[in-house]
1. With the convex hull built on the Cα atoms of segment 113-183, state its orientation-averaged projected area in nm².
2. Can you give me the pair-distance distribution of segment 2-111, C-alpha pairs, 5 Å bins, whole percents?
3. Relative to the longest principal Cα axis of the chain, at what angle does helix 91-120 sit, 0 to 90 degrees, rounded to 10?
4. Spelling out what I want: for every residue of segment 67-74, take phi, set θ = phi - 60°, compute 6.51 cos²θ - 1.76 cosθ + 1.60 (Karplus), and round to whole Hz; glycine and proline get x.
5. Scan segment 157-252 for trypsin sites (Lys or Arg not before Pro) in coil per DSSP, keeping those whose Cβ has at most 10 other Cβ atoms within 10 Å, and list them by number.
6. Please check: in the Gaussian network model of the chain (C-alpha springs, under 10 Å), which one of Leu146, Leu208, Leu161 has the largest mean-square fluctuation.
7. Return the long-range amide H neighbours of Val52 (sequence gap of 5 or more, or a different chain), with a cut-off of under 5 Å between placed amide H atoms.
8. Using the Cα centre of the chain as origin and beta-carbon charges of +1 (Lys, Arg) and -1 (Asp, Glu), tell me which of Ser240, Met178, Gly60 is placed farthest towards the positive end of the dipole.
Amino acid sequence: MELLLVSAADGAEVVTQVAVAGRTAFGEAAVREVGGVDDLLSEPAAAHPQMVILVNPDAGAATAARSALDPQQLPRWAVMVVDDPALISSIAGLARAIKDAWKIHQGEREYTRLRGDLKAVARRVNHDLRSPLGGITTTAELIKELLGESNAELAALTDPLFDSAQSMIRLMDRISFMARAVTDRPAKSAVAMMEIVWAAEQRLQRQLMRKKITIRHPAGWPEVSGVAAWLEVVWLNLMSNAIEHSTAETEVQLFWELAGTREVRFGVRDTGRGVPPTKRGQLFYPFHLLQQPNSPHGLGLPIVQRLVEMQGGAVSCDFPETGGSVFSFTLPV
């Protein structure tokens, strides 16, 4: 471990204290005084671990040190800011602070790696899987066309290929969307909910026509704070579930209401059979636990829960005695 000291204080005493604290923390540590962060940035990245200790730095120096990346695009240094003279005078306290700064640095590097892994899944893997699926679909279409001229029954056997390919594409789209949402979180902004609901409903027209279901809207919609693309996916999943489980030729009701003074509750009411009490506990199964062997197979409601929570809201469900189900979520005004 090499401790890189950037200090405007009396150098000799500070170096001695940092060296003793460094050996206390790591057993073996070298201390080197550096003129400033700019000097460090001009040095090539070292193969051994380094920590930058800034004594009473200006804001620019601290930001530059924390923003520096190594060749793997990971945080280059553990950075510790010392702005309390009492900390320098305490070997034990300084040693603990150095240890903590190093643990934080290791956590930041691992977090950056994991975000990169998710981005790779969201972009590269999804893109690379589409090509072979496209080849399967194209070949199936050719086979169906050739067989259709002589044997319609055999040609129909290619339909499962199309269905399976489309199911895989939909699954990849959902996983890719969630990976992007988790790794690249956009800032919340004012969202006109009426436009979001309308966009989601347009994507469900085929499903609505198949079951001859009508969507009933409230007289108007409020404006909330959130992420428009995420909210469209939330409504899409909730409305799709409601349509699928409702009785044909009925209606699905959308509603909203104030929940206190700082939140709005939105919901979807269907005319289905509801959910048995034994299965209600797994409806909003945490998305990050879906990798476990006994987790539910559905992705829709876990995605809804995760997206709503990332916007500062919460999800819930109710099962009225009159029948049907009510799935709702809250968002800040």
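No value in this document is a laboratory result; all are computed from the given coordinates. Quick caveat, the model's predicted, so the values are computed rather than measured. Because the Cβ atoms are built from the backbone with ideal geometry, glycine has one as well, and the counts that use them run over all protein chains shown.
1. For the Cα atoms of segment 113-183, the hull's average projected area reads 4.5 nm².
2. In whole percents, the pair-distance histogram is 2, 12, 25, 26, 21, 10, 2, 0.
3. Rounded to the nearest ten degrees, it is 30.
4. Here the 3J(HN,Hα) series is 8, 5, 10, 8, x, 8, 6, 10 Hz.
5. Sparse-neighbourhood loop trypsin sites (Lys or Arg not before Pro): Lys212.
6. In the Gaussian network model the winner is Leu146.
7. Counting only residues 5 or more places away or on other chains, the set is Leu4, Ala78, Val79, Met80.
8. Among Ser240, Met178, Gly60, the one farthest towards the positive end of the dipole of the chain is Ser240.
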